[in-house]
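Have a look at the structure below before the remarks.
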Amino acid sequence: MKDLSNYSLKPHNTFGIDASCRRFIEYANGEEAREVTAILRSAQCPFLLIGSGSNLLLTRNFDGIVVHSAIKGMECSPCGDDVMVRCGSGELWDDVVAWCVVRGYGNLVNLSLIPGEVGASAVQNIGAYGSEAGDFIERVEAVEIATGKEVSFSNEECCYGYRSSRFKKDWRNRYLITYVTYRLPKEGCLNVEYGNIRAELSKKGIVDPTSQELRRTIIEIRRAKLPDPQEEGNAGSFFMNPVVSRRQYEELAAAYENMPHYEVDADHVKIPAGWMIEQCGWKGKSLGKAGVHGKQALVLVNRGGATGDEIVRLCRTIQHDVQARFGIEIVPEVNII
């Protein structure tokens, strides 16, 4: 178990914010996770649970304990027509997707190249191209911080929704996640109809892609429109796409021809936040050292040396402009500390 004092968090947040914490603890197995809960109970100071920091914006040094999982390992076992893939919470998410695809379990493939770790997939319910982690999570294992007891939760108990779960809401800071198990069909159907996936496959002359062909295509799409955090600090999509009433959507659609949208149900429609930000003129623009990515307006970037406060100022300015133009509040997906 790592236990370090006055630790720099710059390597642990993809925005590249130069902040530190009073104490950094990393657990590598369930027993160490139980030890960490005892430390947290006795320390009586603030604590922060992080993954790889790909959904995190630090605005200050953290005067408390930062906790990170380094639990590794992936294993699968058959279960009827499905397989159960159990992964350590410290595994990189994209490594899990690649591992599954190589073995012929392609249902996670639309979530390729999403940054972050397995534990975060269970907290954040990461999603892309019509798929969400919560569609496949079977069980989440954790250690309760208040008691040190090992617990296990079903998918239903986690209450997964759009970029949300009970771990983000009423269970926030209550558990250290140790393992996540995903249920994947042995012969699942690939989803190629979301966004521009089908068009990109057609350019390659691929009509009926394998999971590996689909993975390569999705990776190419993401790399073409999303910046590399090593070159330009970012946390991927900064805002969630808002879901509005059908009536509000129809009023906006009458004013904005060909406004992109996604059907949610009979009464609700999802409107891309990136499109609204672009309509407000922010795509490629900057406010100080914080900016909006030139290829994807949903992504806020660190142009070099930006502070967390500068990125928050840009965020709030964009929120104001979108609200003023469309009457819609866009909410950050990123956890701002």
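Can residue 83 be described as outside any helix (DSSP H, G or I), of a type in the set (Val, Ile, Thr), under 28 Å from residue 222 (Cα atoms) and touching a Leu at 6+ places or on another chain (Cβ under 6 Å)?
Yes.
Determine if segment 53-67 includes at least one residue that is under 18 Å from residue 118 (Cα atoms), surrounded by fewer than 20 Cβ atoms within 10 Å (Cβ to Cβ) and out of contact with any Ser or Thr (no Cβ under 6 Å at 6 or more places or on another chain).
No: segment 53-67 contains no residue that is under 18 Å from residue 118 (Cα atoms), surrounded by fewer than 20 Cβ atoms within 10 Å (Cβ to Cβ) and out of contact with any Ser or Thr (no Cβ under 6 Å at 6 or more places or on another chain).
Just to be sure I understand, how many residues within segment 1-24 are over 16 Å from residue 308 (Cβ atoms) and in a strand (DSSP E or B)?
Number of matching residues: 9.
Given the condition in a strand (DSSP E or B), touching a Cys at 6+ places or on another chain (Cβ under 8 Å), within 30 Å of residue 33 (Cα to Cα) and open to solvent by 20 Å² or more (accessible area, probe 1.4 Å), answer yes or no: does some residue in segment 147-159 qualify?
no
Specify which of the listed residues (223, 247) is touching a residue at least 24 places away in the same chain (Cβ under 8 Å) and of a type in the set (D, E, K, R).
223
From the list 278, 200, 213, pick out the single residue that is part of a helix (DSSP H, G or I), in contact with an Asp or Glu (Cβ under 9 Å, 6 or more places away or on another chain) and in contact (Cβ under 8 Å) with a residue 12 or more places away in the chain.
200
Is it the case that segment 250-266 has a residue that's in contact with a strand residue (DSSP E or B) (Cβ under 9 Å, 6 or more places away or on another chain) and buried (at least 20 other Cβ atoms within 10 Å of the Cβ)?
no
Condition test on residue 148, is it under 20 Å from residue 74 (Cα atoms) and touching a residue at least 40 places away in the same chain (Cβ under 8 Å)?
Answer is no for this residue.
Regarding segment 101-111, can at least one residue be identified that is charged (D, E, K, R), open to solvent by less than 40 Å² (accessible area, probe 1.4 Å) and not in a helix (DSSP H, G or I)?
Scanning segment 101-111, I find no residue that is charged (D, E, K, R), open to solvent by less than 40 Å² (accessible area, probe 1.4 Å) and not in a helix (DSSP H, G or I), so the answer is no.
Count, please, the residues in segment 10-39 that happen to be among the aromatic types (Phe, Trp, Tyr) and in contact with a Ser or Thr (Cβ under 7 Å, 6 or more places away or on another chain).
Residues that pass the stated criteria total 1.
So which of 201, 214, 190 is surrounded by 13 or more Cβ atoms within 10 Å (Cβ to Cβ), more than 28 Å from residue 120 (Cβ to Cβ), out of contact with any strand residue (DSSP E or B) (no Cβ under 6 Å at 6 or more places or on another chain) and not small (Gly, Ala, Ser)?
201
If the requirement is being open to solvent by 20 Å² or more (accessible area, probe 1.4 Å), out of contact with any strand residue (DSSP E or B) (no Cβ under 8 Å at 6 or more places or on another chain), farther than 23 Å from residue 298 by Cβ and not charged (D, E, K, R), which of these qualifies: 8, 20, 42?
42
For residues that are at pLDDT 90 or above and not in a strand (DSSP E or B), tally how many sit in segment 171-197.
Qualifying residue count, segment 171-197: 5.
Quick check: is even one residue across segment 240-259 closer than 26 Å to residue 161 by Cα and among the hydroxyl-bearing types (Ser, Thr, Tyr)?
yes
When you check residue 260 against the structure, is it assigned to a loop (DSSP other than H, G, I, E, B), under 23 Å from the mean Cα position of the chain (by Cα) and within 30 Å of residue 189 (Cα to Cα), yes or no?
yes
Does residue 319 count as open to solvent by 20 Å² or more (accessible area, probe 1.4 Å), farther than 25 Å from residue 58 by Cβ, modelled with pLDDT of 95 or more and not charged (D, E, K, R)?
For residue 319, the condition - open to solvent by 20 Å² or more (accessible area, probe 1.4 Å), farther than 25 Å from residue 58 by Cβ, modelled with pLDDT of 95 or more and not charged (D, E, K, R) - is not met.
The values are calculated or read from the model by the stated rules, or taken from the named source; none is laboratory data. In this text, all values refer to a predicted model and were calculated from it rather than measured experimentally. We place every Cβ from the backbone using ideal geometry, glycine too, and count neighbours over all the protein chains shown. Quick note on the areas: whole protein, heavy atoms, side chains included, nothing else; ligands and nucleic acids left out. Shrake-Rupley method; radii C 1.70, N 1.55, O 1.52, S 1.80 Å.
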